[in-house]
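The values are calculated or read from the model by the stated rules, or taken from the named source; none is laboratory data. From a predicted model like this one, the values you see are computed outputs, not experimental measurements. Note: ideal-geometry Cβ built from the backbone for every residue, glycine included; neighbour counts use all protein chains shown.
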Amino acid sequence: MHLTITVDSHVLKRARLRALEEDTSVSAVLADYLKAYAGGTVRNRQTVRRLLLLAESGDSGRGRAAWTRDELHER
């Protein structure tokens, strides 16, 4: 099946260059994306991205704790 879309020429040029670098085509990239999108995996990736952004923006951390390897693995 064929699909016609409209894309900004600069975006398409960059996409073609990137596809060449990855030894693929823009058509193959879009087909893979649409397969993933139809299967719901794109939503999962977006959820993971949001989770990582949330983790990076949080102010949690280990504080001033400075354990040694031996202390952490003490039995």
request  = Within the stretch 10-23, identify whether any single residue is free of Cβ contacts under 8 Å to residues at least 60 places away in the same chain and not in a helix (DSSP H, G or I), and answer yes or no.
outcome  = yes
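Let's see how each residue does on (1) touching a strand residue (DSSP E or B) at 6+ places or on another chain (Cβ under 9 Å); (2) polar (S, T, N, Q); (3) modelled with pLDDT of 85 or more; (4) surrounded by 10 or more Cβ atoms within 10 Å (Cβ to Cβ):
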| position | (1), (2), (3), (4) |
| --- | --- |
| Met1 | no, no, no, no |
| Asp8 | no, no, yes, no |
| Arg16 | no, no, yes, yes |
| Ala19 | no, no, yes, yes |
| Ser25 | no, yes, yes, yes |
| Leu53 | no, no, yes, yes |
| Arg64 | no, no, no, no |
| Arg69 | no, no, no, no |
| His73 | no, no, no, no |
message = Go through the stretch 25-57 and report how many residues are of a type in the set (Ser, Thr, Tyr) and more than 17 Å from Thr4 (Cβ to Cβ).
response = 4
